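> Sending over a structure as structure tokens; questions will come in a sec.
The values are calculated or read from the model by the stated rules, or taken from the named source; none is laboratory data. Since the model is a prediction, treat every value here as computed from it, not as a measurement. We place every Cβ from the backbone using ideal geometry, glycine too, and count neighbours over all the protein chains shown. Quick note on the areas: whole protein, heavy atoms, side chains included, nothing else; ligands and nucleic acids left out. Shrake-Rupley method; radii C 1.70, N 1.55, O 1.52, S 1.80 Å.
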Protein chains: 2
Amino acid sequence: MKKTEIKNRKILLSHGSGGIAMSSLIKELMLDKFDNPILRLLTDSAVLKSTGEKNLCFTTDSYVVNPLFFPGGDIGTLAVNGTVNDLSVMGAKPLYISCSFILEEGLDWEILDKITTSMAKAARSARVQIVTGDTKVVEKGSADKAFINTSGVGILQKGLTLSKKKIKPGDKIIINGEIGSHGLAVMSKRENFKTNIKSDCAPLWELIESMLIVGGIKFMRDPTRGGVATVLCEIAEISGFGIKIDERKLPIHENVYSFSEILGLDPLYVANEGKVIAVTNKDKAAFILSKMKKHALGKEASIIGEITKENKGKVVLETIVGGERIVDRLVGDQLPRIC
Amino acid sequence: MKKTEIKNRKILLSHGSGGIAMSSLIKELMLDKFDNPILRLLTDSAVLKSTGEKNLCFTTDSYVVNPLFFPGGDIGTLAVNGTVNDLSVMGAKPLYISCSFILEEGLDWEILDKITTSMAKAARSARVQIVTGDTKVVEKGSADKAFINTSGVGILQKGLTLSKKKIKPGDKIIINGEIGSHGLAVMSKRENFKTNIKSDCAPLWELIESMLIVGGIKFMRDPTRGGVATVLCEIAEISGFGIKIDERKLPIHENVYSFSEILGLDPLYVANEGKVIAVTNKDKAAFILSKMKKHALGKEASIIGEITKENKGKVVLETIVGGERIVDRLVGDQLPRIC
């Protein structure tokens, strides 16, 4: 990137959105400089090659959610499950988590106590160990209460190779349940709205492991920042094919619909924290779906669409009323600090 | 910990200092809850056991240094070298680094561009790959410009087992060079003092690898937050023996002495970012020292003291004038946001 293009540009909230602005920031300021074949794949976790352990996965995420506590979870639950899920959607069994705190001077010990209690509980339930950590404190006003980074190490399931290259027209697209609840739960708490929406924050490995046993899964991703729309757009882009989604098959709860409408949001772009989108072999889709429905986190699983030869690189939504609309990548930031 | 003791307590800057307050915070709010045998060792990196790769090391650190740029480095250099060194002092060859940014809305792209350029350069020079990352943006005023977390994965050298349990009276304590420059370089920039002190920020693996070849190294740690004094106190505590340090052997540059005096600081407690303290077999110490002196980062290496039967759990400094004083653990925080 030419220096003239960098000059006078500022970091905006949208650069953390998971959308177009973030992609461009990463491409322009990081990818070329850090260049290596592992990073360039831009997968949820990096598959490490020369550790002697060929199937090791490694991932990182920082959590800045505001408020720290929200219906269905808190920053601690999120920090453990988020990283567990980034490993899981790569087909890697999560094993070890690191945790690094940046705390604001003056934070109540009681708050940190609640957060670490949540992390411990989430780690036990996801069957991972928190094995290493770090604590930094900055002056009052230099951070907003608490930020947490977790990184994770997992083991790729034997013989498993998920890859965008395997995606072909006719493949089915499955999601494990209702969408939009995490983002709206955080928003409702932040804005002091009364709703009964709870975050879907949950560890996905057990569900995903049961899906992988069936076979036929080609690619997975978790629709967090930027929501389902962003993941679908990414899949269309990296596979080089089109995607057709049937709006009637999208599991969206009534309260999510109505609260989204009030806020002027589209649930397709709202963050989820316990959802996986899988691209599967056409012939295995029904069996995978039946497996998913047996798991607590897959009861509302649904085949929401398929990969198409047409509309290459685009996501087309067949609306409930029978029309069609293009689902674009997120421009700007719908909901800052949602994770 | 009883709930009554947590109530009304606040996070202080000293909880991020590397000293007593930080230890107590970690013990009281994290260790018991996250309990597992790997974490409980509280080593610079975690040695992972059940990944199929028995000698894998994993570490994490968040960097909040203020200012972002200082003589001899910046937050980017620091974030790469700090994590590289946490692996290195465990005897693990650093291989892979993750990098996660928390950016303040409004930050100049030019600043981030400089930081990522530094990270790329530092990664190349430490021969590690940045393989996975994350970017979050928070509203203006919710963070101070930029925080970076790096986590790292490395491979323990074959047949190497460094352990506090191997430490015995008579063992020598070696450091690879002058102390105190990192902390003072950051302070001088922050407070706008004119000095010629530069941070010692550097990747230690190459030096450490050359030391390990000799054999006889029992334990290593890098004296970052809390400085040399804190590491020595930790070694005395975990080994159960005493430590005697000869002040005349401590490599401290004249400008560090005088600037510390102006600031009312003790260089023994000031952070370093390119230093390793090694406890070695008495008979191998001279050979290890000669190896270190051949490396650019070990030219001023010095045997600064030894493990003693006397003064169990304590560090005793023999002063230049012939007296003795106890080196205590850091209480409070000398220099916040130094790394």
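> I'd like the full set of residues that are among the hydrophobic types (A, V, I, L, M, F, W, C), under 12 Å from the mean Cα position of the chain (by Cα) and over 20 Å from A:Lys93 (Cβ atoms), limited to the range A:197-231. Step through it out loud before you land on a result.
We begin by selecting, within the range A:197-231, every residue among the hydrophobic types (A, V, I, L, M, F, W, C); these are A:197, A:201-202, A:204-205, A:207-208, A:211-214, A:217, A:219-220, A:228-229, A:231.
In the following step, the residues that additionally are under 12 Å from the mean Cα position of the chain (by Cα) were identified as A:201-202, A:204, A:220, A:228-229, A:231.
Residues satisfying the conditions are A:Val228, A:Ala229, A:Val231.
> Let me confirm something: among B:Gly16, B:Gly91, which residue is of a type outside the set (Ser, Thr, Tyr), surrounded by 20 or more Cβ atoms within 10 Å (Cβ to Cβ), facing another protein chain (nearest Cβ under 8 Å) and under 23 Å from the mean Cα position of the chain (by Cα)?
B:Gly16
> Are there any helices (runs of 4 or more DSSP H) wholly within the range A:211-311 with 3 or more residues that are crowded, with 21+ Cβ neighbours inside 10 Å and of a type in the set (A, V, I, L, M), and if so which? Before you say what the answer is, go through the steps one by one.
On the way: elements: A:227-239, A:254-263, A:285-293.
So the answer is A:227-239, A:285-293.
> Here is a further query. So, in the range B:111-131, exactly how many residues are of a type in the set (Ser, Thr, Tyr) and facing chain A (nearest Cβ under 7 Å)?
Final tally of qualifying residues: 2.
> Which one of the conditions (1) in contact with a Ser or Thr (Cβ under 8 Å, 6 or more places away or on another chain); (2) within 19 Å of B:Ser199 (Cβ to Cβ); (3) among the aliphatic types (A, V, I, L, M) does B:Ala92 fail to meet, given that it meets all the rest?
Evaluating B:Ala92 over (1) in contact with a Ser or Thr (Cβ under 8 Å, 6 or more places away or on another chain); (2) within 19 Å of B:Ser199 (Cβ to Cβ); (3) among the aliphatic types (A, V, I, L, M) leaves (2) as the failure.
> While we're here: If A:Gly76 passes every condition in (1) touching an Asp or Glu at 6+ places or on another chain (Cβ under 9 Å); (2) part of a helix (DSSP H, G or I); (3) touching a residue at least 24 places away in the same chain (Cβ under 8 Å); (4) closer than 21 Å to A:Arg124 by Cα but one, which one does it miss?
It fails just one condition, (1).
> Look through the range B:137-171, keep the residues that are hydroxyl-bearing (Ser, Thr, Tyr) and in a strand (DSSP E or B), and return whichever of them is farthest from the other protein chains (Cβ to nearest Cβ). Break it down stepwise before answering.
Quick first cut of the range B:137-171, residues hydroxyl-bearing (Ser, Thr, Tyr) only: B:142, B:150-151, B:161, B:163.
Checking which are in a strand (DSSP E or B) leaves us with B:150-151.
Values: B:Thr150: 8, B:Ser151: 4 Å.
Looking at the filtered set, the residue picked out is B:Thr150.
> Quick check on this structure: which one of A:Asp134, A:Asp32, A:Asp61, A:Asp108 is surrounded by fewer than 21 Cβ atoms within 10 Å (Cβ to Cβ) and within 7 Å of chain B (Cβ to nearest Cβ)?
A:Asp108
> For the range B:172-196, enumerate the residues that are part of a loop (DSSP other than H, G, I, E, B) and open to solvent by 10 Å² or more (accessible area, probe 1.4 Å).
Kept after step one, since they are part of a loop (DSSP other than H, G, I, E, B), are these residues of the range B:172-196: B:176-180, B:191-196.
Across the range B:172-196, the qualifying residues are B:Glu178, B:Glu191, B:Asn192, B:Phe193, B:Lys194, B:Thr195, B:Asn196.
> Quick check on my filter: what residues within the range A:226-268 are farther than 19 Å from A:Ile303 by Cα and either hydroxyl-bearing (Ser, Thr, Tyr) or touching an Asp or Glu at 6+ places or on another chain (Cβ under 9 Å) (or both)?
A:Gly226, A:Val256, A:Tyr257, A:Ser258, A:Ser260, A:Leu263 - these are the residues of the range A:226-268 that are farther than 19 Å from A:Ile303 by Cα and either hydroxyl-bearing (Ser, Thr, Tyr) or touching an Asp or Glu at 6+ places or on another chain (Cβ under 9 Å) (or both).
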